[in-house]
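Enquirer: Handing you this structure, nothing more for now.
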């Protein structure tokens, strides 16, 4: 079973080398694809030096766009399972096993990591208490999504799932889009607890509004 | 009266610009038709502003003709900004497609 780990990276020269090394240590057989999203630093060179397969956007198009490019390449290379992983060292490589396990056991078509299922995540309080519940409510009302974590970038899916879910939201709204499409296509969905180590705040309240705005315009322009 | 002359002069200026743009093929025929219609209606409304006042009064509106034109203009502007935003989203989508294809085919 071929596993491709897709990392969307934009100006990640500080962390990308270590992330790639960690993955290689745990999954020597996995193909590591770094979707370099128009970085202006040495992300591309460093990722290549550490043995990742790098596909580069000439200009920055957003995390959603980079992940879709990574998915397309993974499918082209015959991946059976595609894992989305962050390049900023906030996820634990050893947890990839737990995320792909339901797919290997044929219990799920897509598995979402969740920071709200018991494992310790040093999530900032404002995010945990205000932003995430609001995002969860938004997902539930507008897309019928009943998942505990509305914005987690750690997920795994089968090749068939990646062929069905074409990410159209270039920026941060892709998280909700993937969940919404997984529900829409009635895929077998599973959530597993994951750990996140925060180096920075991440998505702010204004970022949340930006996601909603992106969604509305995307919907209207289709 | 002086306000009407100023407004009409401005419209004539925009119409001249519009015809020049069409002559140089900068804008499409549909866009040309849209703006020609827009400025023509604006000019007619300004020339017949008194009649517009009467019409609005007869229809039960308290606003004067000039206010009505201002409100309508704001509505049209909102609509055009919205259309422009949708167009930008479409262009963004196309750019992503080009960038992705280029990256995948390298």
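The values are calculated or read from the model by the stated rules, or taken from the named source; none is laboratory data. Treat the numbers as computed from the prediction; the structure is a model and nothing was measured. Glycine also receives a Cβ, built like all others from the backbone with ideal geometry; neighbour counts cover every protein chain displayed.
Enquirer: Considering every residue within region B:30-51, establish whether at least one is away from chain A (no Cβ under 14 Å) and within 30 Å of residue A:170 (Cα to Cα).
Expert: Yes: region B:30-51 contains one or more residues that are away from chain A (no Cβ under 14 Å) and within 30 Å of residue A:170 (Cα to Cα).
Enquirer: Quick check on my filter: what residues within region A:16-26 are crowded, with 18+ Cβ neighbours inside 10 Å and either out of contact with any helix residue (DSSP H, G or I) (no Cβ under 9 Å at 6 or more places or on another chain) or at pLDDT below 95 (or both)?
Expert: none
Enquirer: Going by the conditions given, is residue B:97 in a helix (DSSP H, G or I) and either modelled with pLDDT of 95 or more or within 30 Å of residue A:166 (Cα to Cα) (or both)?
Expert: yes
Enquirer: Please determine whether any residue of region A:1-9 is modelled with pLDDT under 95, touching a strand residue (DSSP E or B) at 6+ places or on another chain (Cβ under 9 Å) and not in a helix (DSSP H, G or I).
Expert: Taking every residue of region A:1-9 in turn, at least one turns out to be modelled with pLDDT under 95, touching a strand residue (DSSP E or B) at 6+ places or on another chain (Cβ under 9 Å) and not in a helix (DSSP H, G or I).
Enquirer: Further question on the same structure: Please give the number of the condition residue A:71 fails out of (1) modelled with pLDDT under 95; (2) buried (at least 19 other Cβ atoms within 10 Å of the Cβ).
Expert: (1)
Enquirer: Let me ask something additional. With A:200, A:107, A:95, A:160 as the choices, which residue is modelled with pLDDT of 90 or more and closer than 30 Å to residue A:14 by Cα? Let's see the steps before the verdict.
Expert: Details: A:200 fails: modelled with pLDDT of 90 or more; A:107 fails: closer than 30 Å to residue A:14 by Cα; A:160 fails: closer than 30 Å to residue A:14 by Cα.
So the residue among A:200, A:107, A:95, A:160 that is modelled with pLDDT of 90 or more and closer than 30 Å to residue A:14 by Cα is A:95.
Enquirer: Got a number for residues in region A:101-124 being buried (at least 16 other Cβ atoms within 10 Å of the Cβ) and under 12 Å from residue A:196 (Cα atoms)?
Expert: Residues flagged as buried (at least 16 other Cβ atoms within 10 Å of the Cβ) and under 12 Å from residue A:196 (Cα atoms) within region A:101-124 amount to 7.
Enquirer: Okay, next question. Pairs needed: first member in region B:68-93, more than 8 Å from chain A (Cβ to nearest Cβ); second member anywhere, surrounded by 15 or more Cβ atoms within 10 Å (Cβ to Cβ) and in a helix (DSSP H, G or I); C-beta distance under 6 Å; at least 6 residues apart or different chains.
Expert: Pairs that qualify, where the first residue is more than 8 Å from chain A (Cβ to nearest Cβ) and the partner is surrounded by 15 or more Cβ atoms within 10 Å (Cβ to Cβ) and in a helix (DSSP H, G or I), are B:68/B:56; B:69/B:45.
Enquirer: Go over the candidates B:56, B:84, B:69 one by one and state the one that is modelled with pLDDT under 95, in a helix (DSSP H, G or I) and under 30 Å from residue A:8 (Cβ atoms).
Expert: Numbers: B:56 fails: under 30 Å from residue A:8 (Cβ atoms); B:69 fails: under 30 Å from residue A:8 (Cβ atoms).
Of the residues listed, the single one that is modelled with pLDDT under 95, in a helix (DSSP H, G or I) and under 30 Å from residue A:8 (Cβ atoms) is B:84.
This table checks each residue for (1) farther than 30 Å from residue B:4 by Cβ; (2) out of contact with any helix residue (DSSP H, G or I) (no Cβ under 9 Å at 6 or more places or on another chain); (3) surrounded by 13 or more Cβ atoms within 10 Å (Cβ to Cβ); (4) in the same structural domain as residue B:9 (by TED's automatic domain parsing).
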site: B:52; (1), (2), (3), (4): no, no, yes, no
site: B:68; (1), (2), (3), (4): no, no, yes, no
site: B:96; (1), (2), (3), (4): yes, no, yes, no
site: B:106; (1), (2), (3), (4): yes, yes, no, no
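Enquirer: Hey, does region B:28-40 have a residue that's surrounded by fewer than 13 Cβ atoms within 10 Å (Cβ to Cβ) and outside any helix (DSSP H, G or I)?
Expert: Within region B:28-40, one or more residues are surrounded by fewer than 13 Cβ atoms within 10 Å (Cβ to Cβ) and outside any helix (DSSP H, G or I).
Enquirer: In region A:50-76, what count of residues is obtained for those that are in contact (Cβ under 8 Å) with a residue 24 or more places away in the chain and either within 11 Å of chain B (Cβ to nearest Cβ) or assigned to a helix (DSSP H, G or I) (or both)?
Expert: Selection size over region A:50-76: 15.
Enquirer: Output the number of residues of region A:27-49 satisfying the condition of being buried (at least 19 other Cβ atoms within 10 Å of the Cβ) and in a helix (DSSP H, G or I).
Expert: Residues that pass the stated criteria total 4.
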